[in-house]
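Working notes, beginning with the structure itself.
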Amino acid sequence: MKILAFGGSTSSTSINRQLANYAAAKIPGAEVTDLDLRQFELPIYSSDEEESNGIPAAAHAFKEMIESHDGIVLSLAEHNGSYSAAFKNLYDWTSRIDVKVWSGKPMLLLATSPGGRGGATVLEAGKATFPRMGADLKASFSLPSFYDHFSSEEGITDRELAASLQGAVDAFSE
Ligand SMILES: Cc1cc2nc3c(=O)[nH]c(=O)nc-3n(C[C@H](O)[C@H](O)[C@H](O)COP(=O)(O)O)c2cc1C
């Protein structure tokens, strides 16, 4: 099973990309592609830009990455209660190719942040809208206070949170 794992962020040190890859590695038999959203360079979406120059190649490349995998593990970064601008821009452009952005793929949707709510607001936004945009949403999980609960050596250090993520991974894997 080919799994596409990425954070909804263009930070080189993205904690969401770390969490997505950590979760994807727990999927039995998964062959994981660690996707860095920084590879997709795009102008800010506007209808004028689309009319003048069409849909950028980077949006087609992102869509191709989705279609060439069997499942998606996405961890959303939260910026002011919503998606990061970089993720939203890529998402908007890709929706101009196909409104079913996620191509019907099974999705494990995550979020984390340094704060105690763990990106819960953006996670709810994704849960509410991604199924209408072609995601087969299997499970979700939010990791609060990332730096208190995650280490690169051990992964999630809190037992209850680790068990909760495992439950989401199991639901996805089924
Ligand atoms: C402009 C901006 C807005 C932010 N807003 C929120 C927020 O609403 N909620 C939150 O939990 N963290 C917020 N943060 C902190 C991010 O969660 C933190 O930067 C996190 O590392 C982002 O995930 P990433 O490392 O995967 O990019 C914000 C950060 C920035 C730069």
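Structure notes:
- Tabulated pairs, the range 85-102, first more than 11 Å from I66 (Cβ to Cβ), second basic (K, R) and modelled with pLDDT of 95 or more, C-beta under 9 angstrom, 6+ apart or interchain: A86/R38; V99/R132
- Yes/no for F40 being over 30 Å from A162 (Cβ atoms) and surrounded by 13 or more Cβ atoms within 10 Å (Cβ to Cβ): yes
- If you go through the range 63-107 and keep only what is of a type in the set (G, A, S) and within 15 Å of the ligand (Cβ to nearest atom), you end up with S75, A77, G81, S82, S84, A85, A86.
- Among the candidates T13, T33, residue that is surrounded by fewer than 17 Cβ atoms within 10 Å (Cβ to Cβ), at pLDDT 95 or above and away from the ligand (no atom under 16 Å from the Cβ): T33
The values are calculated or read from the model by the stated rules, or taken from the named source; none is laboratory data. Just so it is clear, the structure is predicted and the values come from calculations on it, not from any experiment. Quick reminder, even Gly has a Cβ in these numbers, built from the backbone with ideal geometry, and neighbours come from all protein chains shown.
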